[in-house]
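The values are calculated or read from the model by the stated rules, or taken from the named source; none is laboratory data. Computed from a predicted structure; not experimentally measured. Ideal geometry is used to build each Cβ from the backbone, glycine not excepted, and the neighbour counts take in all protein chains shown.
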Amino acid sequence: MNQNITIDAKGIYYRQLNEAIKASLQDKINTIELQNVNGQRYIGAGITNDATISIQGTPGNDLAAYMDGLTLQVYGNAQDGVANTMNKGTIIIHGDAGDALGYAMRGGEVYVKGSVGYRVAIHMKEFQEKVPLVVVGGKAGSFFGEYMAGGILILLGLRGREEQPIVGDYCGTGMHGGIMYIRGSVEEHKLGKEVKPVEMTEEDHQRLALYVGRFAEHFGEDKEEILAQPFTKLIPYNKRPYGNLYVGA
Amino acid sequence: MKVNYLMPEFLIDRDEQRCTHCRICVHQCANEAHLWNDKKKIVYGEDQNCVNCHRCVATCPTRALRIRNYPLEYKNNAHWTPHYIKSIFKQANSGGILLAGMGCDRPYPVYWDHLLINASQVTNPSIDPLREPMELKTFLGRKPEKLSFQNGKLAEALPPQVELDIPIMFAAMSFGAISLNAMTSLAMAAKEMGTCYNTGEGGLHSSLYQYGENTIVQVASGRFGIDPEYLNAGTAIEIKIGQGAKPGIGGHLPGEKVGMDVSQTRMIPEGSDAISPAPHHDIYSIEDLRQLIYSLKEATNYTKPVAVKIAAVHNSAAIASGIARAGADIIVLDGLRGGTGAAPLRTRDSVGIPIELALAAVDQRLRNESIRNEVSLVVAGSIRCSSDVVKAIALGADACYIGTAALIALGCHMCQKCYTGKCNWGIATQNPKLTKRLDPEEGAERAANLLRAWSREIKEMLGGMGINALESLRGNRLMLRGIDLSERDLAILGVKAAGE
Ligand code: SF4
Ligand code: SF4
């Protein structure tokens, strides 16, 4: 049975707001609408549950940290640290997001309609059936996918500041796992020395069609139009970027 | 002809009179320092491969083996010692960063050995711990500034605390760095003795969830094996910012050590390198640290104290003050001598400061700022015996972590080759042939025995000082005197000179 609740977050400190959310989830409520969210941190943090929370406003840092299952719809922008070490769940952000989104994320999906800040998907990893996914509709700052150890990172460049390139510097530095797809081409000097562009395969096209399809659905965009442009696929040179660095003392 | 500049470090001295060529040493030595010549049907030694771990010596049934320093003398030179010459040979060969295991072994002063403990004579008589109860109970966590009561009960709940029967815990050592049998030994011993062990940054093996109450789970920059279940599994959460053996740099578990079990516990694919970056990529300031601390508190509903572990470095006191203000409940200081599975040698031996000085400085700073009650202080990295513990508590620590000492209890012989993954004692290895040499039941008993012995000794020393509860020793520097220390050292340690 569908159980809904609306919580007005106006003027409520994050600790009380998150307590109210957890209490509602305990009461088996499966759709929560948060109104007037304005910078409250840690929404969804550490929660194991399959409910949906829709957020009107701007949630604060560490949205969905360690989260394990929720679906979050953010009708606004998100701040730093979204999906920090997230294990499972879906986050759909109908705006921009800040730095370090998807840090050490192990599972689940994050869709951002707009652009993202620095160090996004840093140290993202994967394990067995868990392959995290981040799709960014706009542009990304420097250190995109730094130390990435697994998962799929898609950057579309559909919007964002005009004078800005699709991705900042040091893209994929230290990357040792996972795949990155960037729509259009990336200048070589923007790439970290551990990544290289490779040919797209049929599997890549299918994968992109699936995830870009979901992205388009979330934000009401035209999937075919997005896919009409070629993509650059980036993977790490090797899984052991620092393998030969040492000698026994 | 290409000449190898590197001579062996050790000489395998086989007493041919005693050796029966039974081949036990051949099987025991994972470093392949004992080999079998099938033609001649004899065992022979390959000195070059020996790391002096004593496994063969201990297992040879006829006591035929001795390991000696290789009798190779360089021309005397107080500056260019063999260590530097050999290091240059190695690096000229390989271009590699020198890697080492365990902690700094340089002859820097050990301040524990320059501190002496007091005892009661005539006045304030000493107490006999055999006849009178002695309290070692320790609570780690934030203590409120004042207590208020309502109807004879506490008006406000205390912040969460880790309750320990003894002030000694097992330091963070990850599954991956050490074997599951070693971890299980420590977990069982911690349970037996009413204290905690620490998962390190490698996640929590499914078989160890049962020791939750005696577990401190660690969160490091690589965020391995962390999910809500893990965060809630222990009695406290420790954020690792740094460690004494390698302050300022990250960790790196090579893919060879990431077998099926380690992979599942760390939640990364088998055979992949587990890289822990030097910083947490969401922490660039004290404010950011606060964010991580509170994200963990939120994720665990404020039921667990959160510790922050840093390496003892030059500005530890100021950093610790920031950590306390960031909302940590426990600060862990890891000194220059702290051990590790693998660290760049030059970092291990030259970066950081001795724990004694860092501890004294941090405790004093927190007192000066009237925030000492807001955090507990745990020190690690150099504790060798019970009197080191007593001295640490008197200098201001709430509890100590022991890592190296715990491994020695399990059989480690301090060969410092943990990074090779060939630990013949079954500790710093994932090779099933080697790990099975350490029986967890036996290991647990040895580790628990060590804690038992030290607790007895601590009680004796406490009783000697006329103190019957460890709490009365905490930060009680009057119980210490310095010997052979400079005025400056004495001032930093906050102790008087012996005789004063
Ligand atoms: S490495 Fe250890 S077991 Fe092997 S020969 Fe040397 S001392 Fe003996
Ligand atoms: S743990 Fe093993 S490899 Fe490391 S120092 Fe001890 S005996 Fe040597």
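Odds and ends about this structure:
Residue-wise test of (1) within 22 Å of B:LYS297 (Cβ to Cβ); (2) within 14 Å of another protein chain (Cβ to nearest Cβ); (3) in contact with a Phe, Trp or Tyr (Cβ under 6 Å, 6 or more places away or on another chain).
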residue: A:ASN2; (1), (2), (3): no, no, no
residue: A:TYR13; (1), (2), (3): yes, yes, no
residue: A:SER24; (1), (2), (3): yes, no, no
residue: A:GLY39; (1), (2), (3): yes, yes, no
residue: A:ASP50; (1), (2), (3): no, yes, no
residue: A:GLY69; (1), (2), (3): yes, yes, no
residue: A:TYR75; (1), (2), (3): no, no, no
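- Remark: pairs (first residue in segment B:210-231, surrounded by 23 or more Cβ atoms within 10 Å (Cβ to Cβ); second residue at pLDDT below 95 and part of a helix (DSSP H, G or I); Cβ separation under 9 Å; 6+ apart in sequence or on different chains) = B:GLY222/B:ARG266; B:PHE224/B:THR265; B:PHE224/B:ARG266; B:GLY225/B:GLN264; B:GLY225/B:THR265; B:GLY225/B:ARG266.
- Considering segment B:42-55, and only residues there that are assigned to a loop (DSSP other than H, G, I, E, B) and near ligand 1 (Cβ under 7 Å from one of its atoms), the residue that is surrounded by the fewest Cβ atoms within 10 Å (Cβ to Cβ) turns out to be B:HIS54.
- Residue match in segment A:109-116 (condition: within 13 Å of chain B (Cβ to nearest Cβ) and not basic (Lys, Arg)): no
- When every residue of segment B:198-214 is checked against the conditions, at least one turns out to be modelled with pLDDT of 95 or more and part of a strand (DSSP E or B).
- Yes/no for B:LYS391 being in contact (Cβ under 8 Å) with a residue 40 or more places away in the chain and more than 16 Å from ligand 1 (Cβ to nearest atom): yes
- Boolean, A:MET175 is modelled with pLDDT under 95 and either surrounded by 22 or more Cβ atoms within 10 Å (Cβ to Cβ) or more than 14 Å from chain B (Cβ to nearest Cβ) (or both): yes
- For segment A:128-142, the tally of residues that are assigned to a strand (DSSP E or B) and either more than 14 Å from chain B (Cβ to nearest Cβ) or farther than 16 Å from A:MET67 by Cβ (or both) stands at 5.
- Among the residues listed as B:ALA448, B:ALA469, the single one being surrounded by fewer than 22 Cβ atoms within 10 Å (Cβ to Cβ), touching a strand residue (DSSP E or B) at 6+ places or on another chain (Cβ under 8 Å) and either in the same structural domain as B:MET183 (by TED's automatic domain parsing) or not small (Gly, Ala, Ser) (or both): B:ALA469
- Within segment B:1-21, residues that are at positive phi reach partners that are more than 16 Å from ligand 1 (Cβ to nearest atom) and not β-branched (Val, Ile, Thr) with beta carbons closer than 7 Å, at six or more positions or on different chains, in the pairs B:HIS21/B:LYS41.
- Filter pass, B:ALA399 being within 23 Å of A:ALA249 (Cβ to Cβ) and among the hydrophobic types (A, V, I, L, M, F, W, C): no
- Any chance B:THR20 is within 16 Å of ligand 1 (Cβ to nearest atom) and either modelled with pLDDT of 95 or more or surrounded by 14 or more Cβ atoms within 10 Å (Cβ to Cβ) (or both): no
- Of the numbered criteria (1) within 16 Å of ligand 1 (Cβ to nearest atom); (2) outside any helix (DSSP H, G or I), the one B:TYR401 fails is (1).
- Only one of the numbered conditions (1) buried (at least 22 other Cβ atoms within 10 Å of the Cβ); (2) in contact with a Gly (Cβ under 7 Å, 6 or more places away or on another chain); (3) within 12 Å of chain A (Cβ to nearest Cβ) is violated by B:ALA311, and that is (3).
- Test: residue in segment B:483-492 that is crowded, with 20+ Cβ neighbours inside 10 Å and in a loop (DSSP other than H, G, I, E, B): no
- When B:ALA58 is tested against (1) of a type outside the set (D, E, K, R); (2) surrounded by 15 or more Cβ atoms within 10 Å (Cβ to Cβ); (3) more than 14 Å from chain A (Cβ to nearest Cβ), only condition (2) is not met.
- Residue match in segment B:84-107 (condition: more than 14 Å from chain A (Cβ to nearest Cβ) and away from ligand 1 (no atom under 16 Å from the Cβ)): yes
- Inside segment B:147-162, residues that are in a strand (DSSP E or B) and of a type outside the set (A, V, I, L, M, F, W, C) make up a count of 2.
- Among the residues listed as B:GLY403, B:GLY411, B:GLY396, B:GLY352, the single one being at positive phi, within 16 Å of ligand 2 (Cβ to nearest atom) and more than 14 Å from chain A (Cβ to nearest Cβ): B:GLY411
- Selection within segment B:35-81 - touching a Cys at 6+ places or on another chain (Cβ under 8 Å) and away from ligand 2 (no atom under 16 Å from the Cβ): B:VAL43, B:CYS60, B:PRO61, B:THR62, B:ALA64, B:LEU65
- Test: residue in segment B:121-139 that is touching a helix residue (DSSP H, G or I) at 6+ places or on another chain (Cβ under 9 Å), more than 16 Å from ligand 1 (Cβ to nearest atom) and within 14 Å of chain A (Cβ to nearest Cβ): no
- Qualifying residue in segment B:405-427 (condition: farther than 30 Å from B:LYS496 by Cβ, more than 16 Å from ligand 1 (Cβ to nearest atom), at pLDDT 95 or above and part of a loop (DSSP other than H, G, I, E, B)): no
- Qualifying residues in segment B:428-445 (those that are within 16 Å of ligand 1 (Cβ to nearest atom) and crowded, with 22+ Cβ neighbours inside 10 Å) - the one farthest from B:MET479 (Cα to Cα): B:LEU434
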